[in-house]
């Protein structure tokens with residue numbers, strides 16, 4: 001079945017192809033990472049890019065942000081960053097003796113939170129409401145964020161000096177967590193051949209408007225999921241809660257995230273229905289960072305990914 005029941009296939013194919021081309025040009029030789037990043041964008045989710053320094057985390061995040069037209073803000077998270085620096089603050093205007101709210105950088109379409117785990121827990125928690133409900137509450141007043149609103153954050157999992165690990169509630173707000181990894185020798189040679197002064201993410205131009213992105217997100221929402229596949233998603237989530245060595249399994253929010261990501265993954269393949277393979281393709285990126293394991297350092301991602309693979313192998317795949 002084609003996407004004709006959703007919208008014109010050509011109208012959907014063109015912007016998705018342009019997004020993949022733009023991101024692939026900024027991050028060489030990482031098609032799986034690029035596709036997962038695009039999946040988070042289309043699924044109305046937020047993206048956490050995590051890996052060692054120098055492999056292109058910020059390059060991917062900046063390219064993803066710049067490829068979407070509209071407002072873009074980059075905030076360098078540091079230990080002295082305050083919630084008001086991110087959200088905004090009310091300032092007394094001497095002329096009329098009233099308080100006027102000055103919007104912070106979070107009032108944007110795409111927010112790049114660079115090295116998010118360098119900020120204090122107080123500042124990290126300032127993102128909870130915004131990422132979950134797309135609104136800001138300050139001084140008893142609730143303000144709605146622009147649509148679309150997308151947070152792409154980077155962090156280094158191995159460097160603990162001067163960092164504050166993200167709490168489980170914060171990690172749960174990220175739809176996907178991806179790892180860039182080292183490039184192959186051939187792609188690293190391509191990087192070396194480039195002009196060292198040229199920043200590839202700065203060369204990225206917007207390939208779609210915020211309105212077009214919202215249209216793509218609605219198309220992803222309209223992708224159909226059979227009851228058998230919904231049951232498969234629920235079974236995977238339940239299996240993580242019963243797995244030995246897992247203290248806390250995936251919550252219902254994790255099930256919702258897995259469903260949304262699978263629908264976006266199907267849309268990228270120009271299908272209007274979800275298959276079990278779509279679910280399996282995004283399962284590790286969606287579920288691994290939501291699991292809390294017994295006696296395992298949070299910075300070690302391998303055991304959580306192994307747990308997801310174990311669940312995928314154990315739960316029967318619907319026909």
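Bear in mind these aren't lab numbers, they're just calculated from the coordinates by the rules spelled out. In this text, all values refer to a predicted model and were calculated from it rather than measured experimentally. Don't worry about glycine lacking a Cβ; one is built from the backbone with ideal geometry, like all the others, and counts go over all protein chains shown.
Below are the figures for this structure:
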{"item": "Computed label-point distance, nm, for sites residue 90 and residue 190 using a 7 Å Cα→Cβ extension", "result": "5.3 nm"}
{"item": "Mean Cβ neighbour count within 10 Å, used as a protection proxy, ranking 21-34, 108-121, 236-249 highest first", "result": "108-121, 21-34, 236-249"}
{"item": "Order of 93, 270 - criterion: other Cβ atoms within 10 Å of each residue's Cβ, fewest first", "result": "93, 270"}
{"item": "For region 223-319, diffusion coefficient by Stokes-Einstein and Kirkwood Rh (Cα), 20 °C, 1.002 mPa s, µm²/s", "result": "160 µm²/s"}
{"item": "Sequence ranges 122-131, 181-190, ranked by mean other-Cβ count within 10 angstrom, highest first", "result": "122-131, 181-190"}
{"item": "log₁₀ of I(q)/I(0) at q = 0.11, 0.19 Å⁻¹ - region 7-159, Debye sum with one point per alpha carbon", "result": "-0.48, -1.18"}
{"item": "Region 203-254 - Rg (one decimal) and Dmax (whole number), Cα, Å", "result": "17.5, 48"}
{"item": "Mean ellipticity per residue at 222 nm, deg cm²/dmol - from DSSP H runs of n ≥ 4 across the chain, formula -39500 (n - 2.57)", "result": "-13000 deg cm²/dmol"}
{"item": "Gained length - residue 310 relative to residue 103, 0.36 nm times residue gap less alpha-carbon distance", "result": "69.9 nm"}
{"item": "For region 223-319: relative contact order, % (alpha-carbon pairs under 8 angstrom, 6 or more apart)", "result": "36 percent"}
{"item": "Cα-projected label distance for residue 211 with residue 292, points at 7 Å along beta-carbon direction, nm", "result": "4.5 nm"}
{"item": "Interatomic Cα distance distribution for the chain, bins of 10 angstrom, percent", "result": "6, 25, 33, 25, 8, 2, 0"}
{"item": "Relative contact order, percent, region 11-183 [alpha-carbon distance under 8 Å, six or more residues apart]", "result": "32 percent"}
{"item": "For the chain: relative contact order, % (alpha-carbon pairs under 8 angstrom, 6 or more apart)", "result": "22 percent"}
{"item": "Ranked by how many other beta carbons lie within 10 Å on average, peptides 302-314, 255-267 from highest", "result": "255-267, 302-314"}
